[in-house]
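In what follows, a structure is listed as structure tokens, so that the remarks can point back to it.
The values are calculated or read from the model by the stated rules, or taken from the named source; none is laboratory data. Owing to the predicted nature of the structure, the values given are computational and were not obtained by experimental measurement. Note: ideal-geometry Cβ built from the backbone for every residue, glycine included; neighbour counts use all protein chains shown. Note: areas computed on protein heavy atoms with side chains; ligands, DNA, RNA excluded. Shrake-Rupley method; radii C 1.70, N 1.55, O 1.52, S 1.80 Å.
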Amino acid sequence: MSASTTLPTVCVIGAGPSGITTAKRLKQHGIPFDCFEASDEVGGNWYYRNPNGMSACYQSLHIDTSKWRLAFEDFPVPADWPDFPHHSQLHQYFIDYVDHFGLRDDIEFNTKVERAERRPDGTWTVTLSTGETRRYDVVAVCNGHHWDPRTPDYPGRFAGQLIHSHAYNDPFDPIDMRGKRVIVVGMGNSGLDIASELSQRFLAERLTVSARRGVWVLPKYVNGMAGDKTVVPHWIPRKLSLALTRRFVRKNLGDMSNYGLPEPDHQPFEAHPSASGEFLGRAGSGDIDFKPAIAELDGHTVRFVDGTEIEADVIVCATGYHISFPFFDEPALVPDEKNRLPLYKRMFQPGIDNLVYMGLAQPMPTLVNFAEQQSKLLAAYLTGQYRLPTPSEMSDTISAEEQKYLGRYYDSPRHTIQVEFDPYVRDIGKEIERGRKRAAAQGFSVPVPARANAEQAAAV
Ligand SMILES: Cc1cc2nc3c(=O)[nH]c(=O)nc-3n(C[C@H](O)[C@H](O)[C@H](O)COP(=O)(O)OP(=O)(O)OC[C@H]3O[C@@H](n4cnc5c(N)ncnc54)[C@H](O)[C@@H]3O)c2cc1C
């Protein structure tokens with residue numbers, strides 16, 4: 001950690017894409033920090049077979065966000081990348097980013113944050129997997145939210161093998177899927193990918209997808225271009241742009257029943273988008289069957305809520321993730337049972353001025369470089385160039401923005417942290433200006449005092 005005595009010290013938890021870009025911003029602003037990474041390398045989710053067991057990558061995974069949207073602002077992606085790079089290319093990009101900006105020595109690898117506790121004086125005590133305890137003024141949570149599998153607990157007993165998609169690596173690992181009757185539960189992006197992969201006739205004997213409701217399966221390409229490259233201009237009112245996009249999707253995809261799938265009970269973009277270049281073709285070719293939600297398991301028999309049943313050998317649950325912060329004991333710091341954790345600008349809890357959540361969002365179309373934008377506000381905040389509003393103003397804004405960002409999605413634990421990348425980034429820019437005026441009124445004093453270093457030294 002560098003030795004500024006006036007700026008607060010920060011504990012950055014995690015060195016995935018969110019953690020490394022946060023660390024870079026802190027370093028550039030001379031804000032002292034330690035970054036702890038549980039694994040032996042950066043990259044988080046994009047580190048296939050990550051030895052920390054937290055990556056959900058499967059061997060064939062290509063990112064659904066195009067290279068045009070995922071790049072960090074000041075670190076272009078390699079010119080020879082395809083539109084939708086493979087996970088190994090992304091992982092190398094993150095390694096290169098860290099080395100290019102000289103961050104490697106700032107990250108303590110193979111070091112997990114086991115506990116982070118708020119002390120009565122407001123500073124943090126952080127306990128590491130090494131057994132060491134350190135004191136910080138601020139905690140920046142960058143631990144990701146796609147690693148703690150949410151697996152359904154079905155009534156009955158299954159005689160086959162049931163795994164979460166998090167454990168799926170390829171058609172032979174951890175289960176040899178050849179000749180098996182496979183059910184993939186869920187039609188999110190992982191579900192569509194894994195179902196498409198296993199439905200090839202030389203792999204699973206039969207591939208069924210089970211889901212509570214139909215979804216709109218969006219293409220990765222539109223008019224020969226990466227779909228997320230086409231952006232409706234921001235001066236078009238939101239309602240109109242949504243209506244135009246919906247009409248475009250309906251016109252170009254047609255009815256989902258044309259592919260042998262159920263009609264969604266919602267409009268396009270009332271759910272986090274599921275995209276696949278393969279799935280509809282396989283469903284339309286009869287390689288994928290559809291069933292509604294699983295009601296019960298009985299030996300190899302799987303019964304569905306419509307009363308039908310099929311025999312299965314393997315169930316792959318692509319059923320999403322819990323948002324988890326195992327290092328926090330305080331209930332106020334973790335999401336409630338509905339997966340809700342309301343945050344000001346998806347970063348701060350009203351009334352807690354020295355805890356920040358980075359990348360804790362489900363932004364469309366990209367999460368990869370989302371924290372990079374948030375880190376601008378964080379750096380301004382920790383250097384006294386930005387002030388938060390009062391806690392009650394923060395709460396009011398949270399309610400208004402939840403309505404703005406979440407209002408159009410159907411109610412589900414899956415949709416508690418949805419945002420749209422571009423409007424969010426525009427707003428963060430304006431918010432930094434608003435906060436700068438508040439900071440000016442405070443004489444640009446640093447809002448979080450730098451106390452932890454002195455207290456730690458005194459305690460030794
Ligand atoms: C199958 C799949 C496909 C995806 N596809 C896309 C996509 O197309 N586009 C997109 O934008 N996003 C996608 N994502 C989302 C993905 O989470 C983000 O792209 C990105 O990895 C988020 O970065 P992060 O740094 O916030 O979290 P992570 O990548 O999860 O990194 C978190 C890091 O924190 C570390 N860590 C965790 N806990 C601790 C601790 N206690 N102490 C120390 N270190 C800790 C972990 O080891 C890890 O390195 C996908 C996710 C999955 C699972």
Using alpha-carbon coordinates, inclination of helix 370-382 to the longest axis of the chain, degrees: 20
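Once you order the gyration tensor axes a ≥ b ≥ c over the Cα atoms, which shape class does segment 140-181 get: rounded for a/c under 1.5, otherwise prolate or oblate by comparing a/b with b/c? Can you show the working numbers first?
Details: a/c = 5.13, a/b = 1.55, b/c = 3.31.
Since a/c reaches 1.5 but b/c is at least a/b, the shape of segment 140-181 is classed as oblate.
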Within the accessible area of the chain (1.4 Å probe), percent carbon and sulfur: 51
Per residue solvent-accessible surface (Å²) - segment 151-317, probe of 1.4 Å: 48
Theoretical gain in end-to-end length, Phe75 to His300 [0.36 nm per residue, Cα-Cα removed]: 75.9 nm
Rule-of-thumb Rg ratio for segment 396-460 [Cα; 2.2 N^0.38 Å; N residues]: 1.72
Residue-count net charge about His86 - beta-carbon cut-off 13 Å; Lys, Arg +1, Asp, Glu -1: -3
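Accessible area per residue of segment 45-95 at 1.4 Å probe, in Å²? Before the final figure, lay out each step's value.
Numbers: 2190 Å² over 51 residues.
That works out to 43 Å² per residue.
Report Rg(Cα)/(2.2 N^0.38 Å) for segment 151-317, keeping two decimals.
Working: Rg = 17.2 Å, N = 167, 2.2 N^0.38 = 15.4 Å.
Relative to the 2.2 N^0.38 Å estimate, segment 151-317 comes out at 1.12.
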The chain - percent relative contact order, Cα under 8 Å, separation 6 or more: 20
Segment 183-280 - Rg (one decimal) and Dmax (whole number), Cα, Å: 14.7, 51
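Counting other Cβ atoms within 10 Å, which chymotrypsin sites (Phe, Trp or Tyr not before Pro) in segment 124-184 have at most 15 and lie in a DSSP loop?
Numbers: sites: Trp124, Tyr136, Trp147, Phe158, Tyr168, Phe172; in loops: Trp147, Tyr168, Phe172.
Those that pass, being in a loop and sparsely packed, are Phe172.
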Residues listed by number, segment 148-172, amide nitrogen under 16 Å from Ala293 label point at 7 Å toward C-beta: 150-156
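Can you give the % of DSSP beta bridges in segment 1-111 that are antiparallel, to the nearest 5?
Numbers: 2 of 8 bridges.
In segment 1-111, DSSP labels about 25 percent of beta bridges as antiparallel.
Beyond 20 Å, what share of the Cα-Cα pairs of segment 317-375 is found? Please give it as a whole percent. Mind dumping the intermediate values first?
Values: 520 of 1711 pairs.
Cα-Cα pairs of segment 317-375 separated by over 20 Å account for 30 percent.
Taking loop as defined by DSSP and a crowding limit of 11 other beta carbons within 10 Å, which GluC sites (Glu not before Pro) in segment 24-107 fit?
Working: sites: Glu37, Glu41, Glu73; in loops: Glu37, Glu41, Glu73.
Here the GluC sites (Glu not before Pro) that fit, given the DSSP loop and packing criteria, are Glu73.
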Angle between the chain longest axis and helix 87-100 axis [Cα atoms, degrees, rounded to 10]: 10
Cα centre as origin, Lys/Arg/Asp/Glu Cβ charges: the chain dipole, Debye: 1360
On Cα atoms only, tilt of 17-28 relative to the major axis of the chain in degrees: 20
Compactness of segment 98-166, expressed as Rg and Dmax over alpha-carbon positions, Å: 18.8, 54
Gain upon complete extension [Val231, Ser60; 0.36 nm per residue less C-alpha separation]: 58.8 nm
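On a full-extension model of 0.36 nm per residue, what is the gain between Asp153 and Ser412, subtracting their alpha-carbon distance, rounded to one decimal in nm?
Additional length available on full extension: 91.5 nm.
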Neighbour cut-off at most 12 other Cβ (10 Å), DSSP loop, trypsin sites (Lys or Arg not before Pro), segment 322-404: Lys338
Over segment 48-159, relative contact order from alpha-carbon pairs under 8 Å, at least 6 apart, %: 18
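What does the convex hull of the Cα atoms of the chain come to per residue, in Å³, rounded to a whole number? Intermediate results must be reported in sequence, preceding the final value.
Numbers: hull volume 69.6 nm³, N = 460.
Roughly 151 Å³ of hull volume per residue.
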